[in-house]
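The values are calculated or read from the model by the stated rules, or taken from the named source; none is laboratory data. The structure presented is a predicted model; accordingly, all values stated were derived computationally and were not measured. Don't worry about glycine lacking a Cβ; one is built from the backbone with ideal geometry, like all the others, and counts go over all protein chains shown. The protein model used for the area step is the full one, side chains on, heavy atoms only, and it has no ligands, DNA or RNA in it. Shrake-Rupley method; radii C 1.70, N 1.55, O 1.52, S 1.80 Å.
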Amino acid sequence: MKCIVVFQSKTGFTKRYANWIQEELLCDLKECKTVTKKKLSSYDVIIFGSYIRVERFRGYSRIKALVGEKNKKKLVLYATGASPYGKERVDTMWRSSVPEKDLQSIPHFYLQSGLNYEKMSLGERILMKGFALMMKIKNNKDKDGAEPMRDMSSSYDISSKEYMKPLIDYVRKEMENQKNG
């Protein structure tokens, strides 16, 4: 079985997970901007990772175009994000970024990561600081038991290989199923 991890990363967290996944599965690894539709067509499993910015998974339309409708069944998605979101917030992010019909057929995973303001452009830092303030205000008003947002006013790293375990287990099982028939 031929497997590849394709990723796009802004501040390094998605790339770190891509490297960890590649090491664990002993598969190929490429940055999204370097792959072509033809190259991806030779793989049995394509794992695409990208980051969440302002509660949106980035790059889905690009990878979907590269993989194509015919090969969509080969695709596995992972998103890296700065907050230890609860299931409801993660589901909302996926629904706002990936069409529902695709979510039903494409396995997708959320991997907690962090924030690295030092690697963001000035515009991104302003956007994130504004978003963090908005979420802090919103969470102070929410009394419905929603999980509190992490303080996003400074850089931090909560990445862990433990978060990718469900993805690794899924891909190994899928590769075994493909191998056996």
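Checking the condition of a type in the set (A, V, I, L, M, F, W, C), more than 24 Å from SER61 (Cβ to Cβ), more than 14 Å from the chain's Cα centre (by Cα) and open to solvent by 40 Å² or more (accessible area, probe 1.4 Å), which residue from LEU122, LEU127 passes?
LEU122
For residues that are open to solvent by 60 Å² or more (accessible area, probe 1.4 Å) and in contact with a helix residue (DSSP H, G or I) (Cβ under 8 Å, 6 or more places away or on another chain), scanning just the range 20-29, find the one that is nearest to ASP169 (Cα to Cα).
The selected residue is GLU24.
Only one residue in TYR117, TYR43, TYR78, TYR156 is in contact with a Phe, Trp or Tyr (Cβ under 8 Å, 6 or more places away or on another chain) and either modelled with pLDDT under 80 or among the hydroxyl-bearing types (Ser, Thr, Tyr) (or both). Which one?
Sole residue among the options that is in contact with a Phe, Trp or Tyr (Cβ under 8 Å, 6 or more places away or on another chain) and either modelled with pLDDT under 80 or among the hydroxyl-bearing types (Ser, Thr, Tyr) (or both): TYR78.
Of the conditions (1) of a type in the set (Gly, Ala, Ser); (2) touching a Lys or Arg at 6+ places or on another chain (Cβ under 8 Å); (3) touching a residue at least 40 places away in the same chain (Cβ under 8 Å), GLY86 clears all except one; give me its number.
Unmet condition: (2).
Let me confirm something: among TYR17, TYR78, TYR43, which residue is part of a loop (DSSP other than H, G, I, E, B) and open to solvent by less than 10 Å² (accessible area, probe 1.4 Å)?
Within the list TYR17, TYR78, TYR43, the selection yields TYR43.
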